[in-house]
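Working notes, beginning with the structure itself.
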Amino acid sequence: MTVQELPGSAAAAYRPTPPPAWQPRTDPAPLLPDAEPYRVLGTEAAASADPELLLRLYAELVRGRRYNAQATALTKQGRLAVYPSSTGQEACEVGAALALEDRDWLFPSYRDTLAAVARGLDPVQALTLLRGDWHTGYDPHVHRVAPLCTPLATQLPHAVGLAHAARLKGDDVVALAMIGDGGTSEGDFHEALNFAAVWNAPVVFLVQNNGFAISVPLAKQTAAPSLAHKAVGYGMPGRLVDGNDAVAVHEVLGEAVARARRGGGPTLIEAVTYRMDAHTNADDATRYRADSEVETWRAHDPIQLLERELTDRGLLDDEGRQAAAQAAETMAANLRERMNADPVLDPMDLFAHVYGRQTAQLREQAALLRAELDAEEEAR
Amino acid sequence: MTTAAVKPATMAQALQRAMRDAMAEDPTVHVMGEDVGTLGGVFRVTDGLAKEFGEDRCTDTPLAEAGILGTAVGMAMYGLRPVVEMQFDAFAYPAFEQLISHVARMRNRTRGGMAMPITVRVPYGGGIGGVEHHSDSSEAYYMATPGLHVVTPATVEDAYGLLRASIASDDPVVFLEPKRLYWSKAKWSPDAPAAVEPIGRAVVRRSGRSATLLTYGPSVPVCMEAAQAAEAEGWDLEVVDLRSLVPFDDETVCASVRRTGRAVVVHESTGFGGPGGEIAARVTERCFHHLEAPVLRVAGFDIPYPPPMLERHHLPGVDRVLDAVARLQWEAAS
C-alpha cells in the first residue's frame, strides 16, 4: 500500500511529535587536554615541589639511565637477545611507577623494564624475557607487575579487567597500563579505553609518545589533535604532560591514580617525550630521523632538567651527584656480574606449565625429550 | 526420584543450569558477554542469571570480543573465574589474539604463577539456517593452540557435566556448544545432575563390532542415526563421542578401533587441516596393526561455509557416513 492509498482517516490520525530531547551524555569540555603539555621544572610551580621527592626521582632517573646503558651493553656481549631502551624516557618510567602504591598493579610493555624495576622488581628478573631463558622471570603477584607485554596494547584490557575485578571485590586497587604512541593505533587500545570508561574502572592509561613506532613517526600513526584528545571520545579526561619532566609526570599520574582510587574512573595521559636510542639494539635510527632532531631533544634531557632544578635550589652538589652516580654504578656492576653467569635451565620445564593438569599427550612428549636428554648425557 | 525431576530438558537449559550452579557455589564465577544479561543471551543460555546474581556477576559488555576476553584475562589475574560468551563462532575471531597470545600462554609464561581459569563458550556449527558468519566450525584453530582445552558436548547431560568441569578447570577451556542441538531434549534431572567428570574423556555412545565412528558435537546424532541405518546393511557400528578434542582421549578411541579394526572420523569442520586429519593420524600411529582399512574422514567440504539454502549439501549426513563405511574394504574381510 502506497502513502497515497492510505485511508484518509489514518493519515489524519498521525500526529508527528519531536523525538526525545538530545543532549550529550557527558560534557566534553572538562575532558579536553590542556593546549600544552603540563610542566613543573623550569616554572614557578617547581619551587613548591617536595625536596625529598625531587631527590628520590633524581636517584631513580640516574639509576635508570645507567640500567639502560648496561642492558644495551649486554646485548653487544650476547648476554641479552635484544633490548628496547627507554633512554630519554626515564622520567615517564620512574615518575609513573612512583605514583603507585604497593597494592596497585603495573601493566608494562616491553620497553618498560625501568618502571618495573622502580617498583622493586629484581633488575635481573626483569630482563629474563630479553635474555631468553624464559618468557617472564618473575611471579607477577610479588610486586604486582604483570608480565612485560610484547603484542602491542594487548595488556590494556588486562589492566581494565583487573581494576574492574578489584573494584567488584571492594579493594581500592588501581591499575596503571603503559603503552607507546604506535600502540594507540591498535584495536585493543580502543576496546580497553571503552571498557574502562563504561565500567568506570580504576585504571590509568599512560601513553609515552616518544615520536616513533620503530621507524614510523606519529604523523603516520594518527590524525588526532593529540593522543590525549582520544580520551574525550570515550568519556574520560585526557591529560598532556611533558614526559621529560619527572616532577610533572609524577604529579599528573598521582592525580589520575588518586581520582581512579576514589571512584572517579579512568584517565588517559599522553606524556610527550623522545626515544633517544634506536628502537632496539637491532635497529638503525639514522635511516629515518635526522641527528639534528635528536640533538634538539638532548637539550631537553629529563635528568639534566631535574639536576638543574636541584642545583638551583641548593639540594644537590657535586657530592650528591657523585653519590647518585656511584649508586647507579654499583647497580650496573651487580647487574653485569649476575648477567654474566649462565642461567641454569631445565629443558623439562618446557612441559611443566603448559597446563595445570598435564595431558597424556604432553607426558608422552616429555618422555621423548627426557630420553633424548639422557642419551646426550650418556654420550658425553 | 520424582516424575517431575526427569521431565525433558533442553541442552540450552542444562547449560544455563551449569552456570547457575557454578555461580551459586563459587562467588568468583562471573558470566560476561554480549546480551547475556537482560536478554539472557541470543540463545537464552544465560537466561535469568543477571536477575538471580546481579549485573556484576552476569554482565552485558560492550560489543567487542577482544575487549571481552582481554578484560576477562585481567579479572582472572585478580582471582575471578570468568565464563565468557562469544555470541557466534565467527564472531569469536576478533578475540583470537587475546586467546592465543594471552589466555593460552599466561600460565606457561609465568611458570605457573598466573593461571587462566577462563571458560570461553562458543556456539558453533551449522544446520540452523544461519546467514554467513553464523555457522562456522572453528575447532581446528583452537586445537592447534597449546595451552587451551577444547571441549564440546553432544548430549543434554554432558552439556551440564562438561560445562561444570570446564568452569571448575584451572586451565582455559574453549567450550564449543553445538547450536543446532540447543533445543535437543532428553530426560534429565537438574536436581540430580550427573557427577562432573574431569574433561578429557571420550565415551562410547553405541557399542558395535564392525567399525568405529569417531565423532563429536553436532555430528554425534548423525552418527547414531547412521549406525541405526547400518544395521540393515549388516554393519554393527560403534559410535565414540570424543567430547574433548584437547586433551584427546587416545585410550578410549584406540581401544574401540582395536576392537573393530575400522574407523571413520565424522565432523562438520572442513576436512583439509581439520580435526579429522589429526585424529586419523593418531589412530593410524597407534592402531596400525589392528586396522583392516585406512581410516577415512567424512567432513565438511573445503569451502567457506555455504549459504543456508545450500548447507544440507555441505553437512555430513547419514548417507555420506554410510558411503564411507561402505568403502572400508569389506571385501577383504570375508
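Within the group A:E337, A:E319, A:E309, which residue is away from chain B (no Cβ under 14 Å), at pLDDT 95 or above and surrounded by 15 or more Cβ atoms within 10 Å (Cβ to Cβ)?
Of A:E337, A:E319, A:E309, the one residue that is away from chain B (no Cβ under 14 Å), at pLDDT 95 or above and surrounded by 15 or more Cβ atoms within 10 Å (Cβ to Cβ) is A:E309.
Report, by residue number, each residue of region B:40-59 that is of a type outside the set (S, T, N, Q) and under 24 Å from the mean Cα position of the chain (by Cα).
B:G40, B:G41, B:V42, B:F43, B:R44, B:V45, B:D47, B:G48, B:L49, B:C58
So B:F88 fits all but one of (1) among the aromatic types (F, W, Y); (2) in contact with a strand residue (DSSP E or B) (Cβ under 9 Å, 6 or more places away or on another chain); (3) within 22 Å of A:G356 (Cα to Cα); what number is the exception?
(3)
What's the total number of residues in region A:141-152 that are more than 9 Å from chain B (Cβ to nearest Cβ) and within 17 Å of B:M75 (Cα to Cα)?
Matching residues across region A:141-152 total 2.
Yes/no matrix, rows are residues, columns are (1) at positive phi; (2) in contact with a Ser or Thr (Cβ under 9 Å, 6 or more places away or on another chain); (3) crowded, with 23+ Cβ neighbours inside 10 Å:
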{"site": "B:V45", "(1), (2), (3)": "no, no, yes"}
{"site": "B:V84", "(1), (2), (3)": "no, yes, yes"}
{"site": "B:F91", "(1), (2), (3)": "no, no, no"}
{"site": "B:Q98", "(1), (2), (3)": "no, yes, yes"}
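Could you list, in sequence order, all residues of region A:47-87 that are over 13 Å from A:R111 (Cα atoms) and aromatic (F, W, Y)?
Residue satisfying the conditions is A:Y58 alone.
Suppose we filter A:E337, A:E309 for residues that are more than 25 Å from A:L127 (Cα to Cα) and in a helix (DSSP H, G or I); which single one remains?
Checking each option against the conditions leaves just A:E309.
Is it true that some residue in region B:297-312 is surrounded by 23 or more Cβ atoms within 10 Å (Cβ to Cβ), more than 17 Å from the chain's Cα centre (by Cα), closer than 30 Å to B:S166 by Cα and aromatic (F, W, Y)?
Taking every residue of region B:297-312 in turn, at least one turns out to be surrounded by 23 or more Cβ atoms within 10 Å (Cβ to Cβ), more than 17 Å from the chain's Cα centre (by Cα), closer than 30 Å to B:S166 by Cα and aromatic (F, W, Y).
I'd like to check which strands (runs of 3 or more DSSP E) are fully inside region B:158-215 and have at least 1 residues that are among the aromatic types (F, W, Y) and surrounded by 20 or more Cβ atoms within 10 Å (Cβ to Cβ).
So the answer is B:173-178.
Please go through region A:120-155 and pick out each residue that is closer than 18 Å to A:N334 by Cα and not hydroxyl-bearing (S, T, Y).
Hits for region A:120-155 are A:G120, A:L121, A:D122, A:P123, A:V124, A:Q125, A:A126, A:L127, A:L130, A:R131, A:G137.
Here's the yes/no breakdown for (1) in a helix (DSSP H, G or I); (2) buried (at least 23 other Cβ atoms within 10 Å of the Cβ):
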{"position": "A:A21", "(1), (2)": "no, no"}
{"position": "A:R56", "(1), (2)": "yes, no"}
{"position": "A:Y67", "(1), (2)": "yes, yes"}
{"position": "A:E93", "(1), (2)": "yes, yes"}
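What residue, of A:V40, A:V82, A:V62, is touching a Leu at 6+ places or on another chain (Cβ under 9 Å), of a type in the set (V, I, T), assigned by TED's automatic domain parsing to the domain that holds A:R261 and in contact (Cβ under 8 Å) with a residue 12 or more places away in the chain?
Values: A:V40 fails: touching a Leu at 6+ places or on another chain (Cβ under 9 Å); A:V62 fails: touching a Leu at 6+ places or on another chain (Cβ under 9 Å).
Residue meeting the stated conditions: A:V82.
From the list B:P146, B:P153, which residue is buried (at least 18 other Cβ atoms within 10 Å of the Cβ) and part of a loop (DSSP other than H, G, I, E, B)?
Result: B:P153 is the single residue among B:P146, B:P153 that is buried (at least 18 other Cβ atoms within 10 Å of the Cβ) and part of a loop (DSSP other than H, G, I, E, B).
Rundown of residues vs (1) more than 21 Å from B:P190 (Cα to Cα); (2) within 9 Å of chain A (Cβ to nearest Cβ), yes/no style:
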{"position": "B:D21", "(1), (2)": "no, no"}
{"position": "B:A24", "(1), (2)": "no, no"}
{"position": "B:T38", "(1), (2)": "yes, no"}
{"position": "B:T46", "(1), (2)": "no, no"}
{"position": "B:P62", "(1), (2)": "yes, yes"}
{"position": "B:A66", "(1), (2)": "yes, yes"}
{"position": "B:T71", "(1), (2)": "yes, yes"}
{"position": "B:G74", "(1), (2)": "yes, yes"}
{"position": "B:A90", "(1), (2)": "yes, no"}
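Among the residues of region A:203-218, what is the count of those that are touching a helix residue (DSSP H, G or I) at 6+ places or on another chain (Cβ under 8 Å) and either within 12 Å of chain B (Cβ to nearest Cβ) or part of a strand (DSSP E or B) (or both)?
Residues of region A:203-218 that are touching a helix residue (DSSP H, G or I) at 6+ places or on another chain (Cβ under 8 Å), as a first pass: A:203-209, A:211-216.
Retained after the next criterion (residues that are either within 12 Å of chain B (Cβ to nearest Cβ) or part of a strand (DSSP E or B) (or both)): A:203-209, A:212-213, A:216.
Selection size over region A:203-218: 10.
Return yes or no: is A:Q326 in a helix (DSSP H, G or I) and not assigned by TED's automatic domain parsing to the domain that holds A:L57? Step through it out loud before you land on a result.
Numbers: in a helix (DSSP H, G or I): yes; not assigned by TED's automatic domain parsing to the domain that holds A:L57: no.
Here the answer is no, as A:Q326 does not meet what is asked.
Just the residues that are surrounded by 14 or more Cβ atoms within 10 Å (Cβ to Cβ) and either among the hydroxyl-bearing types (S, T, Y) or in contact with a Pro (Cβ under 7 Å, 6 or more places away or on another chain) (or both), please, taken from region A:340-368.
A:V354, A:Y355, A:T359, A:Q361
If you go through region B:160-188 one residue at a time, how many are at pLDDT below 95 and closer than 13 Å to B:Y216 by Cα?
0
Scan region A:255-302 residue by residue and report those that are of a type in the set (K, R) and surrounded by 20 or more Cβ atoms within 10 Å (Cβ to Cβ). Give the steps one after another, and end with the answer.
Keep residues of region A:255-302 that are of a type in the set (K, R), which gives A:259, A:261-262, A:275, A:287, A:289, A:298.
The answer is A:R275, and nothing else.
Yes or no, residue by residue, for (1) touching a Cys at 6+ places or on another chain (Cβ under 7 Å); (2) within 14 Å of chain B (Cβ to nearest Cβ); (3) touching a residue at least 60 places away in the same chain (Cβ under 8 Å); (4) more than 21 Å from A:T150 (Cα to Cα):
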{"position": "A:A201", "(1), (2), (3), (4)": "no, yes, yes, yes"}
{"position": "A:D242", "(1), (2), (3), (4)": "no, no, yes, yes"}
{"position": "A:A258", "(1), (2), (3), (4)": "no, no, no, yes"}
{"position": "A:E270", "(1), (2), (3), (4)": "no, no, yes, no"}
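Being within 24 Å of B:R262 (Cβ to Cβ) and either of a type outside the set (G, A, S) or over 18 Å from the mean Cα position of the chain (by Cα) (or both): is that true of B:V173 here?
Spelling it out, it is not the case that B:V173 is within 24 Å of B:R262 (Cβ to Cβ) and either of a type outside the set (G, A, S) or over 18 Å from the mean Cα position of the chain (by Cα) (or both).
Any idea which of A:A177, A:A126, A:A166, A:A159 is within 10 Å of chain B (Cβ to nearest Cβ), crowded, with 24+ Cβ neighbours inside 10 Å and more than 27 Å from A:Y38 (Cβ to Cβ)?
A:A166
When region B:84-133 is examined, which residues are found to be of a type in the set (S, T, Y) and out of contact with any Lys or Arg (no Cβ under 7 Å at 6 or more places or on another chain)?
Those that are of a type in the set (S, T, Y) and out of contact with any Lys or Arg (no Cβ under 7 Å at 6 or more places or on another chain): B:Y93, B:S101, B:T110, B:T119.
What residue, among those in region B:25-54 that are out of contact with any Cys (no Cβ under 6 Å at 6 or more places or on another chain) and assigned to a helix (DSSP H, G or I), is nearest to B:H134 (Cα to Cα)?
The qualifying residue nearest to B:H134 (Cα to Cα) is B:K51.
Could you identify the single residue in B:G41, B:G33, B:G74 that is in contact with a His (Cβ under 9 Å, 6 or more places away or on another chain) and under 25 Å from B:L148 (Cβ atoms)?
On the way: B:G41 fails: in contact with a His (Cβ under 9 Å, 6 or more places away or on another chain); B:G33 fails: in contact with a His (Cβ under 9 Å, 6 or more places away or on another chain).
Of the residues listed, the single one that is in contact with a His (Cβ under 9 Å, 6 or more places away or on another chain) and under 25 Å from B:L148 (Cβ atoms) is B:G74.
Which one is surrounded by the most Cβ atoms within 10 Å (Cβ to Cβ) among residues in region B:103-126 that are in contact with a His (Cβ under 8 Å, 6 or more places away or on another chain), touching a residue at least 12 places away in the same chain (Cβ under 8 Å) and not in a loop (DSSP other than H, G, I, E, B)?
By that ranking, first place goes to B:R107.
Looking at A:G187, is it modelled with pLDDT of 95 or more, surrounded by fewer than 24 Cβ atoms within 10 Å (Cβ to Cβ), more than 30 Å from A:Y288 (Cα to Cα) and more than 16 Å from the chain's Cα centre (by Cα)?
no
Go through (1) in a helix (DSSP H, G or I); (2) modelled with pLDDT of 95 or more and name the single condition A:T286 misses.
It is condition (2) that A:T286 fails.
The values are calculated or read from the model by the stated rules, or taken from the named source; none is laboratory data. What you are looking at is a predicted structure, and each value in this text was computed from that prediction instead of being measured. Here the Cβ is made from the backbone with ideal geometry for all residues, glycine too, and neighbour counts use every protein chain on show.
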